[in-house]
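J.: Here's a structure for you.
The values are calculated or read from the model by the stated rules, or taken from the named source; none is laboratory data. Quick caveat: nothing in here was measured; it's all calculated off a predicted structure. FYI the Cβ positions are ideal-geometry reconstructions off the backbone, even for glycines, and counts take in every protein chain you see.
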């Protein structure tokens with residue numbers, strides 16, 4: 001049962017941009033023709049990009065069905081991506097995120113989803129499987145995380161006692177694109193893992209205003225505000241702040 005007083009907002013609200021901003025990262029597609037190398041995957045790939053049109057790739061590690069895969073471009077440069085779940089490539093779907101690069105691709109980042117088709121082999125005999133995995137998403141040369149700030153924070157006590165009207169002003173900006181996704185959590189400062197407010201949001205406007213009505217315990221004297229923000233290509237930033245209750 002959900003704890004009394006918790007406010008959960010799971011809808012994704014897209015704010016309207018207040019003016020012209022940075023260009024959106026370009027779309028990116030990668031087609032990976034893979035096979036097994038032990039429990040890992042390897043193969044060749046082609047992409048829609050001029051900076052790495054083709055090459056070969058192989059997993060360097062696998063943990064909890066998530067692989068780290070190194071892509072070596074035929075024209076030079078490498079990048080690594082997180083692929084999950086790995087069994088989804090046998091004929092299913094999942095997510096990918098470019099997390100590291102080297103050489104001319106050192107600043108490459110990106111993320112998206114994949115859909116995979118099994119070409120040969122049996123699910124009961126993984127070494128016999130070959131597959132084609134199609135990645136779609138965005139990628140750009142951007143390693144700068146969003147800039148996050150709490151511009152205003154006010155908690156007003158209401159009747160009945162232990163209920164507060166909380167108003168927050170946030171600033172969420174990014175140098176690579178207008179879109180920033182964020183998770184806002186508010187909790188008792190002594191129990192940060194038990195959220196009283198949990199909000200998922202997406203904004204194309206730097207300024208975000210939020211308002212919540214929260215019921216707290218008698219022993220709660222301060223709230224912990226945490227914002228986890230991610231830009232369009234996966235760069236992340238976290239900010240925490242304490243708000244005293246009067």
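J.: Considering only residues that are within 18 Å of residue 145 (Cα to Cα) and not in a loop (DSSP other than H, G, I, E, B), which ones fall in region 83-108?
T.: 97, 98, 99, 100, 101, 105, 108
J.: Of the residues 151, 143, which single one is surrounded by fewer than 20 Cβ atoms within 10 Å (Cβ to Cβ), at negative phi, touching a strand residue (DSSP E or B) at 6+ places or on another chain (Cβ under 9 Å) and in a loop (DSSP other than H, G, I, E, B)?
T.: 143
J.: If residue 87 satisfies every condition in (1) touching a strand residue (DSSP E or B) at 6+ places or on another chain (Cβ under 7 Å); (2) at pLDDT below 95 but one, which is the exception?
T.: Evaluating residue 87 over (1) touching a strand residue (DSSP E or B) at 6+ places or on another chain (Cβ under 7 Å); (2) at pLDDT below 95 leaves (1) as the failure.
J.: If you check 108, 170, which single one turns out to be assigned by TED's automatic domain parsing to the domain that holds residue 221, closer than 21 Å to residue 229 by Cβ and surrounded by 18 or more Cβ atoms within 10 Å (Cβ to Cβ)?
T.: Criteria check complete, one pass: 170.
J.: In region 32-47, is there at least one residue being in the same structural domain as residue 128 (by TED's automatic domain parsing), modelled with pLDDT of 95 or more and not in a strand (DSSP E or B)?
T.: no
J.: Residue 86 versus (1) under 28 Å from residue 38 (Cβ atoms); (2) assigned by TED's automatic domain parsing to the domain that holds residue 219: which is the lone unmet condition?
T.: It fails just one condition, (2).
J.: Here is a further query. Just checking, does region 207-224 include any residue being within 21 Å of residue 139 (Cα to Cα) and loosely packed, with under 15 Cβ neighbours inside 10 Å?
T.: No, every residue in region 207-224 fails to be within 21 Å of residue 139 (Cα to Cα) and loosely packed, with under 15 Cβ neighbours inside 10 Å.
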